[in-house]
Amino acid sequence: MAPSPLIMLVVIATIFLPSIAMAKEFVVGDDHGWTIGFNYAAWAADKTFQVGDTLVFNYDAGKHNVFKVNGTLFQSCTVPPASEGLHTGSDSIVLETPGRKWYICGFVGHCNAGQKLVITVQPQNLPPTPAPSPLQHHPHFGGWVPKKLFRIFH
């Protein structure tokens, strides 16, 4: 007997939904948004960023922008040459890889006034693998459950 579409949907949802549900959206600076005169290091200090999370930069378009830079450009507050910054006033960046990420405002003097953010992105936490059910290893059943499951999914 072929598995029902409902069973397949439940299996697929069980595999993929936990990672989607775990992704968080962080509004950079919370209610302050992306602006000068705010301590972004303190804002980020108590947060854990993971692959799949999204940073949202809210600011007045035309007064600020967002550039992703490397650590050297971050330290010197240098806009990368030939780089397109984000400038819509509500920019979302999905954190796709683990590691250090650096962002600055490219308007003259803004980065030096503290409008810069550095974060460390952690690999995505996967839900723990559940312990096998005692039924699956019970000697009386002799592997009946795994064989039955194999028939359902193949």
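Every number here is computed from the coordinates shown, using simple stated rules; none is lab data. Quick caveat: nothing in here was measured; it's all calculated off a predicted structure. Reconstructed Cβ throughout: ideal geometry from the backbone, glycine too, with neighbour counts over all protein chains shown.
Before moving on, here are some points about what is shown:
- A simple spin-label model places pseudo-atoms 7 Å from Cα toward Cβ; at residue 113 and residue 87 they are separated by 1.8 nm.
- Each of 40, 59 was scored by other Cβ atoms within 10 Å of its Cβ. Listed from fewest to most, they are 40, 59.
- Computed from the C-beta positions of residue 79 and residue 32 and an R0 of 22 Å, the FRET efficiency is 0.45 to the nearest 0.05.
- Residue-span extension gain [residue 68 to residue 46] - 0.36 nm each, minus C-alpha spacing: 5.8 nm
- Anchor residue 24: aspartates and glutamates whose Cα lies under 13 Å away (excluding residues fewer than 8 positions away in-chain): 53, 96
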